[in-house]
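Scroll down for the structure; my scribbles are underneath it.
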Amino acid sequence: EVQVVESGGGLAQAGGSLRLSCVVSGFTFDDYAIAWFRQAPGKEREGVSCISRRDGSTYYTDSVKGRFTISSDNAKNTVYLQMNSLKPEDTAVYYCKVTLFSVRRDYWGQGTQVTVSS
């Protein structure tokens, strides 16, 4: 059974930092990607960042470029989202999504709340 477990959310001051973690388990496939999404109340869920297990390629949405960094520890099956220079606009529920290319399936984490105060 594929498991996706997120942690690291919480309250931060504007200009501060948080690091989110996404631990995946329950599979042995090498071909997968992990993406971070976020959703604020009343707004659509948007993609924030993603990383490919195959080649380490990364993606960032424009609003977080230069502030957020995605990385992976493959031995721990963990992906991190380091969030620096946080802004109140970053306040949202952040979700981790694992895409297993071998079985063409997506698996979502439960979401973790990030709140940034002024």
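The values are calculated or read from the model by the stated rules, or taken from the named source; none is laboratory data. This structure is a prediction, so every number in the text was calculated from the model and none was measured. Every residue, glycine among them, receives a Cβ derived from its backbone with ideal geometry; neighbour counts consider all protein chains shown. Just the protein is used for accessible areas: all its heavy atoms, side chains included, with ligands, DNA and RNA removed. Shrake-Rupley method; radii C 1.70, N 1.55, O 1.52, S 1.80 Å.
Put a plus charge on the Cβ of each Lys and Arg, a minus charge on the Cβ of each Asp and Glu, and nothing anywhere else: the dipole of the chain about its Cα centre is then about 100 debye. For ASP73, neighbours were defined as the other residues whose beta-carbon sits under 13 Å from its Cβ, and their charges (Lys and Arg +1, Asp and Glu -1) total +3. Which residue, ASP90, ASP55, ASP30, has the most motion in a Gaussian network model of the chain that connects Cα atoms within less than 10 Å? For the chain, modelled as a Gaussian network with Cα springs under 10 Å, the answer is ASP55. Among the protein heavy atoms, those of ARG45 account for about 100 Å² of accessible surface (1.4 Å probe, every chain in place). A 1.4 Å probe run over the protein chains yields, for the chain, 54 Å² of accessible area per residue, whole-number rounding. Relative contact order of the chain: 36 percent, from C-alpha pairs under 8 Å at least 6 residues apart in sequence.
The loop-placed GluC sites (Glu not before Pro) in the stretch 1-61, going by DSSP, that have at most 11 neighbouring Cβ atoms within 10 Å of their Cβ come out as GLU1, GLU44. Measuring from each cysteine beta-carbon in the chain, the ones with no other cysteine beta-carbon under 4.7 angstrom are CYS50. With N the number of residues in the chain, Rg(Cα) / (2.2 N^0.38 Å) evaluates to 1.02. The residues TYR59, TYR32, sorted by heavy-atom accessible surface at 1.4 Å with ligands and nucleic acids left out, run TYR59, TYR32 from largest to smallest. With all protein chains in place and ligands, DNA and RNA left out, the 1.4 Å accessible area ranks LEU11, LEU100 as LEU11, LEU100, largest first.
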